[in-house]
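Data block below; observations after.
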Amino acid sequence: MKSSAQVVVIGGGVVGASVLYHLTELGWTDVVLVERKELTAGSTWHAAGGMHTLNGDPNVAKLQQYTVGLYREIERRSGQNCGIHMNGGLTLASDRERMDWLRMAQARGRYLGMDMEIISAAEAKAMFPLLEEQYFIGALFDAAEGHVDPTGVTRAYAGCARQAGAEIYQHTWVSDLRQRPDGTWDVVTDAGEIHAEHIVNAGGLWAREVGRMIGLELPVLAMEHMYLITEDMAEVAEYNAATGHELPMGMDFDGELYIRQEGGGMLLGTYEQACVPWSPRATPWTFDQQLLAPDLERIAPSLEIAFKHYPALASAGIKNVINGPFTFSPDGNPLVGPVPGVRNCWVACAVMAGFSQGGGVGLTLARWMVEGDPGEDIWAMDVARFGNWASLAYTNAKVRENYSRRFRITFPNEELPAGRPLHTTPVYDRLAAHNAVWGASFGLEHPLWFQRPGSEPREDVTFRRSNAFPVVAEECTTVRERVGLTECSNFAKYRVTGAGSAGWLQRLFTNRLPRVGRINLTAALDPDGHIVGEFSVARVGTDDFFLFGSQIAEAHHSRWFGAHLADGVRFDVLALSLVGLSLAGPGARDVLQSVTDASLATEDYPFMTFRRIDVGMIPAYVGRMTYTGDLGYEIWVAPECQRALFDLLWQAGQPYGIGLFGFRALMSLRMEKAFGTWAREYRPIYTPVQARMHRSLKLDHDFIGRAAVDAELARGPARTLGYFDITPDPAEPADVVGDEPIWHAGAVVGWVTSGAYAHYSRRSLAFGYVPTELAVPGAMFEVEIIGQRRPARLLSEPVLDPAGQRMRA
Ligand SMILES: Cc1cc2nc3c(=O)[nH]c(=O)nc-3n(C[C@H](O)[C@H](O)[C@H](O)COP(=O)(O)OP(=O)(O)OC[C@H]3O[C@@H](n4cnc5c(N)ncnc54)[C@H](O)[C@@H]3O)c2cc1C
């Protein structure tokens, strides 16, 4: 065994093997994989090996597409048979919502170059004669689906990696991990120690335990999962003889099951409602290529549907029942990337669909390690999308919810209940008393909208307009015509102090730093000029700054700032030690002025001022700006003051007709002002030039990514963020939710990033990226919304107050 290596990958399941392979592909060959038993000994060996590209997140779908396309290559190069069966797959829908979901998935696939076809129930029956047509109304057919041999695939990755110089040590258990002061690692195994620059936790069923070796509690939990294999069936033999090929795979939403041919019989797996976590607190190290006791009672409801939907199964004998554990994160997507706050420590775990996703996970992690950037938009898989709040119990609640909803639709306006409420701010009860409908993000509850008194605070879930629509319209009117009050604690907040702060931030940010007492907007870029963050920067002293950013990216951005930290600079995450309320609308100044001695007249407190003042008895930092684009203030206080602040403003606002507004209204208001948002318009796959962040881009100083910006400005961006006015279907109006394809002259040319109905302007609006040469004001496009191409006109300016007079008033 080597005593040192550049990378030690811990775990020889399909994911660890894929990471090892991709590292060697990118030229890192001094790499080893350590496996406590044999390759595949965790959840890999007993997987059903199914693979597909369909995923609700297009970026994850793209990585699945890459994975599925990789198998022939590794099979050829390694000489290891991967057992590839590309039979195609049907996702079967039994009702209108599911059909809508399939149409939306098909549409998203278009701009990724995925060619999927919507077919009728009769066509599905012709492709898959075992199904009973009466239970379905249609299906999505994807030719890029099938199944592989899990062991063959893992060995093929390993074989290719070995050919390139990687070493694999089986029957070698990593028992401890110790970090040296220089950030390198001593990997302690029962066969000796390896000194490594980097470690990768691909421990699968034991990823949590490997994390605990360095004091990490990764949000990952294993669930029991069952599938059964039937004896050979005459119906299967007939189909094979008649067509010369195997049956396609089937995913059946209604039965919460998947079905495919296995040999001469069928394999049927279920995601049952009565799901059961496995080893919820600690995975025993003694577990080794074992199966769990089958429990057919538990999956009986799914089996009952299966026998109805596929009657031939009812009379087929059961040859084998497999019950095995595999892991999930709280949202079902993998945990990939550098662990925040720990140098040279990477994870690739919680991969619940190793044969659909393993290749993409390995590729992106290897790129991240070798090139410093994952190369794709992998926000949905970034380990930093969870904070420390994702505890063992939270993970348990969410994973069970997720497992039991595997084949359920999560609507764009749906908020799932498990693990909530977790974090609340002091005004939670006040807002609840006003009938708030809540959403949760990064563990924190925030008000989405305020239901009318006497009605239940609940939103109907839908792809179209919900019961919130008329109420949110009223909230928007309150803001635009009188004054609205909302909570704004759901920002990430950071404080940067220390003698070197200004110099440090200036090097990171594309905009000039604001003067003391001022606030401005800025972007942060990677060396290739991609947007890694978008922040409001408020300066309260020469070397004293508050930064405000997207809350969901708090751990992600903290990791980035931490990695760039300079001597003499202190970077603190304020989290909920600073909370906020926001007043917006033409009456905002009058309300706030009535409770403070500080003059808020524009000449004394102009737009983009940020100062420490007293509001009533409460010490506050008050910024004159809001995301509504109206006259307004964000008022930041210590949590112990927030209730008093709420009561004070609510009282003071009564003569001015104050009303509450929530996040849905905020999204509507920001759309009519054409304000972009992090994770939608601004993501690490876009650049500030493409995103038209010109006001945040000052070329009078050097910053990370500057050379790339100069080069792009010189040649012109290939694509540009457009702002569209959409004509919805008058019969059944629906607005965009994000990721819809944008058509032009009969071809898909771009995609929607986000949008909303702008109630006050009465327009359905969207943002989306299109080729720059097409981004001509007034140009006509079409946006595909739930299977319908709707006209979309490219706008040149915000539909409301393009000169920005309201916020400067
Ligand atoms: C019944 C069932 C059916 C499934 N069907 C499918 C399917 O059809 N399609 C699909 O895509 N996925 C399927 N899966 C899921 C799939 O099995 C997983 O996504 C995949 O196996 C995850 O691989 P992994 O490498 O992350 O983890 P594992 O396979 O668990 O690998 C982790 C490895 O790390 C090793 N290890 C851990 N700790 C240490 C240590 N300290 N020292 C050394 N070695 C260590 C373990 O021994 C193990 O071999 C199924 C799972 C089950 C249970």
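The values are calculated or read from the model by the stated rules, or taken from the named source; none is laboratory data. Being a predicted model, the structure only gives us computed values, none of them experimental. So basically every Cβ, Gly included, is an ideal-geometry build from the backbone, and we count neighbours across all protein chains shown. Protein only, heavy atoms only, side chains kept; ligands, DNA and RNA dropped before computing areas. Shrake-Rupley method; radii C 1.70, N 1.55, O 1.52, S 1.80 Å.
So what is the orientation-averaged projected area of region 669-778, using the convex hull of its C-alpha atoms, in nm²?
8.1 nm²
Between Asp373 and Asp190, what length in nm is gained on full extension when 0.36 nm per residue of separation is reduced by their alpha carbon distance?
Result: 62.5 nm gained on full extension.
Taking amide H positions as placed in the peptide plane 1.01 Å from N, state which residues far from Val540 in sequence (5 or more) or on other chains have amide H under 5 Å from it.
Those lying under 5 Å, H to H, from Val540 are Gly517, Phe545, Phe546.
Thr189: net charge of surrounding residues, Cβ under 14 Å, Lys/Arg +1, Asp/Glu -1, itself excluded? Please list the in-between numbers first.
Working: positive: Lys2, Arg36, Lys37, Arg178; negative: Glu35, Glu167, Asp176, Asp186, Asp190, Glu193.
Net local charge, Thr189 excluded: -2.
Hey, if we sort Lys698, Lys308 by accessible area with the 1.4 Å probe, largest down, what's the order?
Descending order: Lys308, Lys698.
Starting from the 7 Å offset along Cα-to-Cβ, what nm value, one decimal, do you get for the label separation of Arg507 and Leu392?
Here the answer is 4.2 nm between the modelled labels.
Percent of accessible area on region 447-603 owned by carbon and sulfur, 1.4 Å probe?
Carbon with sulfur: 51 percent of the solvent-accessible area.
Quick one: which residues, 5 or more positions from Asn320 or on another chain, have an amide H under 5 Å from its amide H? H modelled 1.01 Å from N in the peptide plane, none for Pro or chain starts.
Correct list: Ile229.
Could you rank Glu231, Glu376 by how accessible they are, 1.4 Å probe, largest area first?
Details: Glu231 85, Glu376 50 Å².
Highest to lowest solvent-accessible surface, that is Glu231, Glu376.
Determine which residues of region 151-193 fall in the zone a paramagnetic label at Ser3 would reach in this model, i.e. backbone nitrogen under 18 Å from the point 7 Å along Cα→Cβ.
Residues 178, 180, 184-193 qualify, since their backbone N sits under 18 Å from the label point.
Keeping all protein chains in place, calculate the accessible area per residue for region 190-287 (probe 1.4 angstrom), answer in Å².
Result: 34 Å² per residue.
What FRET efficiency do you get for Asn87 and Ala566 if R0 is 45 Å and r is their Cβ-Cβ distance, rounded to the nearest 0.05? Provide the component values of the computation, followed by the final result.
Numbers: r = 56 Å, r/R0 = 1.24.
For R0 = 45 Å, the calculated efficiency reads 0.20.
Can you sort Lys62, Lys319 by 1.4 Å-probe accessible area, starting with the largest? Don't skip to the end; give the middle numbers.
Numbers: Lys62 85, Lys319 120 Å².
The residues order as Lys319, Lys62, largest area first.
Please work out how much length the chain gains when fully extended from Ile214 to Asp429, using 0.36 nm per residue of separation minus the C-alpha to C-alpha distance, in nm with one decimal. Write out the running numbers ahead of the final one.
On the way: separation 215, 0.36 × 215 = 77.40 nm, distance 3.85 nm.
My answer for the length gained is 73.5 nm.
Reachable lysines from Lys673, Cα under 30 Å, same-chain residues fewer than 8 places away excluded?
Straight-distance partners of Lys673: Lys493, Lys698.
Return the lysines within reach of Lys62: Cα separation strictly under 28 angstrom, same-chain partners fewer than 8 residues apart disregarded; answer none if there are no such residues.
Lys398
For the chain, divide the Cα radius of gyration by the Kirkwood radius and give the resulting Rg/Rh value with two decimals.
Using only Cα positions, Rg/Rh for the chain is 0.97.
Step through the residues of region 343-350 one at a time and calculate ³J(HN,Hα) from phi using the Karplus curve (6.51 cos²θ - 1.76 cosθ + 1.60, θ = phi - 60°), rounding each to whole Hz and writing x for Gly and Pro.
Those phi angles translate into 5, 6, 10, 10, 10, 8, 9, 6 Hz.
For Phe141, tell me the accessible area in Å² from a 1.4 Å probe, rounded to the nearest 10.
40 Å²
Taking θ = phi - 60°, what integer Hz values does the Karplus form 6.51 cos²θ - 1.76 cosθ + 1.60 yield along region 36-44, in sequence order, with x for Gly and Pro?
5, 10, 10, 3, 6, 5, x, 8, 5
What is the extension gain from Ser315 to Asp710, computed as 0.36 nm multiplied by their sequence separation minus the C-alpha to C-alpha distance, in nm to one decimal? List each step's numbers first, then the result.
Details: separation 395, 0.36 × 395 = 142.20 nm, distance 6.90 nm.
Gain on extension, Ser315 to Asp710, equals 135.3 nm.
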